[in-house]
Amino acid sequence: MKPTLYIVIPCYNEEAVLPITAPLFLEKIKELVSLDKIADKSRVMFVNDGSKDNTWKIIKDLAKQDEHYIGITQSRNRGHQNAVLAGLMEAKEFCDITISIDCDGQDDINAMNEMVDAYADGCEVVYGVRSKRDTDTFFKRFTAESFYKLLNSMGAEVVYNHADYRLVSSRVLNEFANYKEVNIFLRGMFPLVGFKSTSVYYERNERIAGESHYPLSKMLSLAFDGITSLSIKPIRTITGFGIFVALVSLGLIIYSLVQHFAGNTMSGWTSTMIAVCFLGGIQLISLGVIGEYVGKTYMETKARPRYIISERTYDK
Ligand code: UDP
Ligand code: MG
C-alpha cells in the first residue's frame, strides 16, 4: 500500500516566502502521487508559529485553494523546535510518514524523492544532510561546524550537517511521543529513538526571501540547549577541572608555606591576584553551567505543554 505523506513546515513571519515556496511543496506532493510513491491523501501541512504578519491568513487562503494544503496555528510563538513538534504530533494521526522542512526554500525539496524511496526500502528515519554549505556565509559555516563538533565531543549523537529536514515514520513518532521533555532538540533526540535510519544528501540553497530568524544570540542559545539537553558532560568536565585546580592550589599552598618558613619574603601581590581572578573565573563558569542544568530541571518539573494548537484549517 502506498504511504500517506505529510510535509510539515514551520512558519514564523514568512509572508514574503510562503507564496513562493508553498506551490513548490504542492507540486512535490502531486509529483510523488503521480509517480505512485505516495497516496493522494498526502498533505502539505503548515504550522504557523504565532506569526505577527499575514502568514496565518496566507495559509488559510492556501487551504481554500487546494485540499492538499492544510494548516494549524500555535496560540503564540514558541520557537522552531516546538513548531515542528506540534506539526509532527498532529500529523502522525493522519499519515504514515512525515517530512519536516523549513519553509524558506533553503533545503532542496527534490531530496524528498530519495527520502520516500529510502522509506520504501525499510528506513523509518531519513536525515537530510547538507553536502555543501557554499551559500552560507563563512561565519554561519564556521559557527555551525564548531557546534556539531562540540555536540559530538559531548557525546550527543547528532548527524553532521543535518538540521531539521528529515523523514520520520508515524511508528517512530508514536515512540517519540514518550519523550516528554520540555526542552527539546529534535535532531539530537531522533537518533535516541533508534529504528533503521539513513541519510540523504542535498545542497543547501539561499533563503528565497525574508531574513533568517537565527541571529548569533539564538544560535548560541540553541547550541547551549542542544548540549545541556543531551549531555551531562559539561558538569563532569567542571568537576574534573575543579579537582585539577584544587591539586594545583595544594601545591601552591605547600610552596608558599615552605617559602614562609625559609624566611623568604614574597612579593605576593601578583600571585595572589592571579589566583583570585583565576579561581573567581572558574567558579563563575561552573556556577553558570550548573545553574543552566538546575534551570532546565526546574522547567522540566513544571512540565508545561510544549505546544498549544489554537486553530486548524480543518475539523479534527
Ligand atoms: N521558525 C519558526 N519559529 C520561530 C523561528 C523560525 O517556526 O520562532 C521557522 C521559520 O519560519 C523557518 C524555520 O523555522 O521555516 C527555520 O528558520 P530560519 O530559516 O529563520 O533559520 P535558518 O535557516 O536561518 O537557520
Ligand atoms: Mg532558513
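Taking the stretch 37-112 as the region of interest, the strands (runs of 3 or more DSSP E) fully inside it that hold 3 or more residues being not aliphatic (A, V, I, L, M) are 43-48, 69-74.
With the condition kept exactly as written, say whether any residue in the stretch 119-127 is part of a loop (DSSP other than H, G, I, E, B), surrounded by fewer than 19 Cβ atoms within 10 Å (Cβ to Cβ) and out of contact with any helix residue (DSSP H, G or I) (no Cβ under 8 Å at 6 or more places or on another chain). Spell out how you get there, then give the answer.
Residues of the stretch 119-127 that are part of a loop (DSSP other than H, G, I, E, B), as a first pass: 121-124.
Imposing the further condition that a residue be surrounded by fewer than 19 Cβ atoms within 10 Å (Cβ to Cβ) reduces the set to 121-122.
Then keep just the ones that are out of contact with any helix residue (DSSP H, G or I) (no Cβ under 8 Å at 6 or more places or on another chain); that gives 121-122.
Checking the stretch 119-127: at least one residue is part of a loop (DSSP other than H, G, I, E, B), surrounded by fewer than 19 Cβ atoms within 10 Å (Cβ to Cβ) and out of contact with any helix residue (DSSP H, G or I) (no Cβ under 8 Å at 6 or more places or on another chain).
One residue stands out in the stretch 197-220 among those that are surrounded by 15 or more Cβ atoms within 10 Å (Cβ to Cβ) and small (G, A, S): the one that is farthest from ligand 1 (Cβ to nearest atom), namely S197. The residues on offer are K233, K302, K296, and the sole one that is under 30 Å from K180 (Cβ atoms), charged (D, E, K, R) and at pLDDT below 80 is K233. Give I58, I29 a once-over and let me know the one that is away from ligand 2 (no atom under 16 Å from the Cβ) and in contact with a helix residue (DSSP H, G or I) (Cβ under 6 Å, 6 or more places away or on another chain). Going through I58, I29 in turn, just one is away from ligand 2 (no atom under 16 Å from the Cβ) and in contact with a helix residue (DSSP H, G or I) (Cβ under 6 Å, 6 or more places away or on another chain): I58.
Being part of a helix (DSSP H, G or I), surrounded by 13 or more Cβ atoms within 10 Å (Cβ to Cβ), outside the structural domain of I70 (by TED's automatic domain parsing) and among the hydroxyl-bearing types (S, T, Y) is true of Y293. In the stretch 84-118, of all residues being among the small types (G, A, S) and within 14 Å of ligand 1 (Cβ to nearest atom), the one that is surrounded by the fewest Cβ atoms within 10 Å (Cβ to Cβ) corresponds to G105. Against the numbered list (1) touching a residue at least 24 places away in the same chain (Cβ under 8 Å); (2) over 22 Å from F176 (Cα atoms), S34 comes up short only at (1). Exactly one residue among S51, S42 is buried (at least 22 other Cβ atoms within 10 Å of the Cβ), among the polar types (S, T, N, Q), modelled with pLDDT of 95 or more and in the same structural domain as M112 (by TED's automatic domain parsing), and that residue is S42. When the residues of the stretch 1-37 are filtered to those that are of a type in the set (G, A, S) and over 15 Å from G71 (Cα atoms), the one that is farthest from ligand 1 (Cβ to nearest atom) is S34. The condition (being more than 16 Å from ligand 2 (Cβ to nearest atom) and surrounded by 13 or more Cβ atoms within 10 Å (Cβ to Cβ)) is satisfied by just one residue among A246, A223: A223. When the stretch 192-219 is filtered for residues that are in a strand (DSSP E or B), more than 16 Å from ligand 2 (Cβ to nearest atom) and not hydrophobic (A, V, I, L, M, F, W, C), the ones remaining, listed by number, are S197, T198, S199, Y201. Selection of the stretch 171-188 for residues being more than 16 Å from ligand 2 (Cβ to nearest atom) and out of contact with any Ser or Thr (no Cβ under 8 Å at 6 or more places or on another chain) yields R171, V172, N174, E175, F176, A177, N178, Y179, K180, V182.
Might you check whether a residue that is without any contact (Cβ under 8 Å) to a residue 40 or more places away in the chain and not assigned by TED's automatic domain parsing to the domain that holds G291 occurs anywhere in the stretch 239-249?
Step one: list which residues in the stretch 239-249 are without any contact (Cβ under 8 Å) to a residue 40 or more places away in the chain, which gives 239-240, 243-249.
Those left that are additionally not assigned by TED's automatic domain parsing to the domain that holds G291: none.
No - not one qualifying residue is present in the stretch 239-249.
Of the residues making up the stretch 60-85, those that are of a type in the set (V, I, T) and touching a Leu at 6+ places or on another chain (Cβ under 7 Å) number 1. Only a single criterion out of (1) touching a residue at least 12 places away in the same chain (Cβ under 8 Å); (2) more than 30 Å from Y119 (Cα to Cα); (3) part of a helix (DSSP H, G or I) is not satisfied by M189, namely (2). Within the stretch 50-61, residues that are among the β-branched types (V, I, T) have Cβ atoms under 9 Å from residues that are part of a helix (DSSP H, G or I) in these pairs: T55/L18; I58/L18; I58/P19; I58/A22; I59/L18; I59/A22, counting only partners at least 6 apart in sequence or on another chain.
Residue-wise test of (1) touching a residue at least 60 places away in the same chain (Cβ under 8 Å); (2) more than 22 Å from G87 (Cα to Cα); (3) aliphatic (A, V, I, L, M).
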site	(1), (2), (3)
V129	yes, no, yes
N152	no, yes, no
N161	no, yes, no
N183	yes, no, no
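The values are calculated or read from the model by the stated rules, or taken from the named source; none is laboratory data. Note that this is a predicted model, so its numbers are computed, not measured. For neighbour counting, all protein chains shown are included, and Cβ atoms are generated from backbone atoms with ideal geometry for every residue, glycine included.
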